[in-house]
Amino acid sequence: MRPFISLCMIVKNEEKVLDRCLSTVAHLVDEVIIVDTGSTDNTKEIATQYTKHIYDFEWVHDFSAARNYAAEKATGEWILVLDADEYVEEENFKSFLLELKDDKENFNAYAIMILNFTGVHGERMIQNHHERVYKNDGDIAYTRKIHEQFYSKSNTELRLKKSALTIFHSGYLNATVKEKDKQERNQQLINDEISNKNNIAFDYFNLGNESISKGNIEEALNNYVKAYELKTNFKASWIAYAMVNIVNCLIRLQRYNEALNVIKDAESLYSTAPDFLYLKGTIYKARGQYEDAKEAFNHILNNKDYYINTIFSPDIREVLPHRDIADIYFIEKNYQKAIFHYVSVLNINKQCTTSMRNTLFILNKFHTKEEIVEFVIKNRLVSESNLVSYVRVCFDIGNPRIVEEVVRAIQPNKDTLIHLVKLKELAIYDTGIVNDEIKELIKNISEYSKTALLNIGDYAFIYHILESNNIENEFLQQIFEDEKCKQLKQMLTSHSFEVTDSELLLTALTICLTYRKYEQVNILLNNNKDQQVSISHNIAAILYDNDFRVEAMEYYNDSNWLDMNEQDFLNIINGLFAANDVFNGVQVANYGCTKWPEDFRFYQFIINHSTDEMQIQSTVNQAERLFGKSLILDRFIF
């Protein structure tokens, strides 16, 4: 009896991921065909654990040639194509098999959803559809050297259906992309396809993707625009991605009004896709139009049943709008609403470090250790998958005491993390007691350093404590033989020191404020005042971020305006308004409108606080010309 479905794969040096792939799917298909294009590692040995159908194929710089060779070896009624860095979920795949068996000859090819994990830990997802399943009747084959597509040998139209099958792909994780470095090879193959002129619009789209991966945004934009202009089939799935990418490029180039014009056209074409409304919201957020941004993001969240056809990422329907609204409320110091939205993100995606960091920052600001631990456990914010990330954030905000109970609840035997907590507590709280347990931990501090959870400040404080107790440690001694590390240690632990590196002073100030070592903060600020003049605005910003607003304003008063950035002026304006100095706050905001004309917040300060009707009217008119419609501007009709 003929096998029902054959898995066909082409591989080369995939020993790190091939077992994961095959372990999820080999037992669900009837036949596994592996074509190796020149592996020099253990790829073929791993493959032999799952199949005897392993074939060598000399690489001819053509993915379709290799895939078609694999198909020639398949005997199943249907062929499934996977790459080694992909895998499936068993129940989803079984459902797809039922769908396929119920096909009744209506279709001869299926497109599947591919979820691409990106970032460091897969914290972000990008989706795309691709034809990966087809009838093994000799008519359908792959064409194109790269970014392969189906074609019919008999030149008949494919009967294609989008299936419910989902494939998970880890090949876009940062470390994997860096390791494989396929950019030059891909670009050459795409250039070959362009010279063939078979599907030049699609080629320019792929060229745009390669430009993005290299960081060439202007070049990428030009390629995407060419692709869109040369399209011959508006229904091709890549066109929607091209429009999203055009907008993303314009945003990265800060050509916001052009991006909004593209979005306006795209929304009429893809009305049930949330992508373009989300991108509109990110533009508003980037320009400081926070009310407009919140309205856009909330509209997506409140209409999830309408926005069902995401183009770029499934996160756009929920995770990203929640996170962006939370960021705005965090900036506005509306912490209650910020927490709600950050927790909403973490309930869906526990790998979102920003949401974890800002949630714990807020909790640490207002709540006791017991309250924070209870909140974290009750809301299930931490699991095995993000436990180390949770520990890192707790350490970064200077509160290791909220770690141990959570670690014990999730991984009772995770002794390394508990030992790191003890060392971090020693660095921050310095009881002056170095007992036998601490001595034993310090003996192994070089091993603990490999976790990268302790920072140079921690080592400085611990080394100072050891010196005070006449305890030697070779690992720490070697660190502080470095002149910069030695100087930083002096700033963190001494009453008197000479500042020769202003960046080190800023680092020391940040560490001491985070660890609430306020006595040392005063020492840092009162030493070498002459050396602080050139960095007074930097000191002011650090103090402001740590809620020392009055002290920050004193340093801003001593700062040169030419040295200050946008955020410095926003801090000054808020500080002036907090001190009821509305007149000067409006004056500074007026300067901000001149210096940073595309930041809506300066206009909003004037509109909301000025008592001069003519100034308000002029500001509204100017903002309307630059930003168009806005909820804030709509309140003023002249």
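The values are calculated or read from the model by the stated rules, or taken from the named source; none is laboratory data. If you're wondering where the values come from, they're calculated on a predicted model, not measured in any experiment. Reconstructed Cβ throughout: ideal geometry from the backbone, glycine too, with neighbour counts over all protein chains shown. Ligands, DNA and RNA are excluded from the accessible area calculation, which covers all protein heavy atoms including side chains. Shrake-Rupley method; radii C 1.70, N 1.55, O 1.52, S 1.80 Å.
General observations
- Identity of the residue in region 569-587, surrounded by fewer than 19 Cβ atoms within 10 Å (Cβ to Cβ) and in a helix (DSSP H, G or I), that ends up nearest to the chain's Cα centre (by Cα): ASN574
- Exactly one residue out of GLU258, GLU218 is in contact with a Cys (Cβ under 9 Å, 6 or more places away or on another chain), modelled with pLDDT of 90 or more and more than 16 Å from THR310 (Cα to Cα), and it is GLU218.
Here is a yes/no grid of residues against (1) modelled with pLDDT under 95; (2) farther than 30 Å from THR156 by Cα:
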| site | (1), (2) |
| --- | --- |
| ASP36 | no, yes |
| LYS52 | no, yes |
| VAL60 | yes, no |
| GLU72 | no, no |
| ILE79 | no, no |
| ASN106 | yes, no |
| ALA109 | yes, no |
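- Only one of the listed residues (VAL373, VAL343) is free of Cβ contacts under 8 Å to residues at least 40 places away in the same chain and closer than 20 Å to ARG124 by Cα. That residue is VAL343.
- Index of the failed condition, ASN522 passing every other in (1) open to solvent by 50 Å² or more (accessible area, probe 1.4 Å); (2) free of Cβ contacts under 8 Å to residues at least 24 places away in the same chain; (3) under 30 Å from SER446 (Cβ atoms); (4) polar (S, T, N, Q): (3)
- Subset of region 300-315 [within 13 Å of ALA273 (Cβ to Cβ) and open to solvent by 10 Å² or more (accessible area, probe 1.4 Å)]: ASN303, LYS304, TYR306, TYR307, ILE308, ASN309, THR310, ILE311, PHE312, PRO314
- Of the residues making up region 294-340, those that are among the charged types (D, E, K, R) and without any contact (Cβ under 8 Å) to a residue 60 or more places away in the chain are LYS294, LYS304, ASP305, ARG317, GLU318, ARG323, ASP324, ASP327, GLU332, LYS333, LYS337.
- Flag for LYS145 being of a type in the set (Lys, Arg) and part of a loop (DSSP other than H, G, I, E, B): yes
- Selection within region 408-431 - farther than 17 Å from ASN470 by Cα and either in a loop (DSSP other than H, G, I, E, B) or touching a Cys at 6+ places or on another chain (Cβ under 7 Å) (or both): GLN411, PRO412, ASN413, LYS414
- Among the residues of region 123-141, those identified as over 34 Å from the mean Cα position of the chain (by Cα) and assigned to a strand (DSSP E or B) are TYR134, LYS135, ILE140, ALA141.
- Counted residues, region 142-165 - those being over 37 Å from the mean Cα position of the chain (by Cα) and open to solvent by 80 Å² or more (accessible area, probe 1.4 Å): 4
- All positions within region 270-295 that are within 19 Å of THR310 (Cβ to Cβ) and outside any helix (DSSP H, G or I): TYR270, SER271, THR272, ALA273, PRO274
- All conditions in (1) within 21 Å of the chain's Cα centre (by Cα); (2) surrounded by fewer than 17 Cβ atoms within 10 Å (Cβ to Cβ) hold for GLU370, with the sole exception of (1).
- When region 555-568 is filtered for residues that are assigned to a helix (DSSP H, G or I) and buried (at least 17 other Cβ atoms within 10 Å of the Cβ), the ones remaining, listed by number, are TYR555, TYR556, ASP568.
- When residues of region 588-608 are limited to those that are open to solvent by 30 Å² or more (accessible area, probe 1.4 Å) and outside any helix (DSSP H, G or I), the one nearest to LEU631 (Cα to Cα): GLU598
- Failed criterion for LYS378 (all others in (1) more than 16 Å from the chain's Cα centre (by Cα); (2) surrounded by 15 or more Cβ atoms within 10 Å (Cβ to Cβ) hold): (2)
- With respect to the conditions (1) open to solvent by 30 Å² or more (accessible area, probe 1.4 Å); (2) aliphatic (A, V, I, L, M); (3) at pLDDT 95 or above, LEU363 lacks only one, and its number is (1).
- Subset of region 225-236 that is surrounded by 14 or more Cβ atoms within 10 Å (Cβ to Cβ) and in a helix (DSSP H, G or I) - its residue that is farthest from the chain's Cα centre (by Cα): LEU230
- Residue, modelled with the highest pLDDT, within region 180-196, restricted to residues that are more than 16 Å from ASN116 (Cβ to Cβ), open to solvent by 50 Å² or more (accessible area, probe 1.4 Å) and assigned to a helix (DSSP H, G or I): GLN188
- First in region 394-406 and open to solvent by less than 50 Å² (accessible area, probe 1.4 Å), second anywhere and in a loop (DSSP other than H, G, I, E, B), Cβ under 7 Å, 6 or more apart: CYS394/VAL403; PHE395/LEU453; GLY398/TYR515; GLY398/ARG516; VAL406/VAL382
- Number of the condition not met by LYS424 [criteria: (1) touching a residue at least 40 places away in the same chain (Cβ under 8 Å); (2) buried (at least 21 other Cβ atoms within 10 Å of the Cβ)]: (1)
- When the criteria are applied in full, ASN199 fails the requirement of being out of contact with any Leu (no Cβ under 8 Å at 6 or more places or on another chain), polar (S, T, N, Q), surrounded by 14 or more Cβ atoms within 10 Å (Cβ to Cβ) and at pLDDT 90 or above.
- Residue list for region 77-89, filter: more than 18 Å from GLN127 (Cβ to Cβ) and under 28 Å from the mean Cα position of the chain (by Cα): ALA84
- If you check ASN209, ASN257, ASN222, ASN248 for being open to solvent by less than 50 Å² (accessible area, probe 1.4 Å), assigned to a helix (DSSP H, G or I) and either out of contact with any Gly (no Cβ under 8 Å at 6 or more places or on another chain) or at negative phi (or both), only one passes: ASN248.
- Residue among GLU440, GLU503 that alone is without any contact (Cβ under 8 Å) to a residue 12 or more places away in the chain and within 30 Å of GLN567 (Cβ to Cβ): GLU503
- Check on ASP62, closer than 15 Å to THR143 by Cβ and of a type in the set (Asp, Glu): yes
- Positions within region 505-519 being buried (at least 19 other Cβ atoms within 10 Å of the Cβ) and not in a helix (DSSP H, G or I), in sequence order: TYR515, LYS517
- Evaluation of LYS104 against (1) farther than 30 Å from TRP59 by Cα; (2) in a strand (DSSP E or B); (3) of a type in the set (D, E, K, R) (one fails), failing number: (2)
- Matching helices (runs of 4 or more DSSP H) fully within region 432-502 where at least 2 residues are open to solvent by less than 20 Å² (accessible area, probe 1.4 Å) and hydrophobic (A, V, I, L, M, F, W, C): 436-443, 456-468, 483-493
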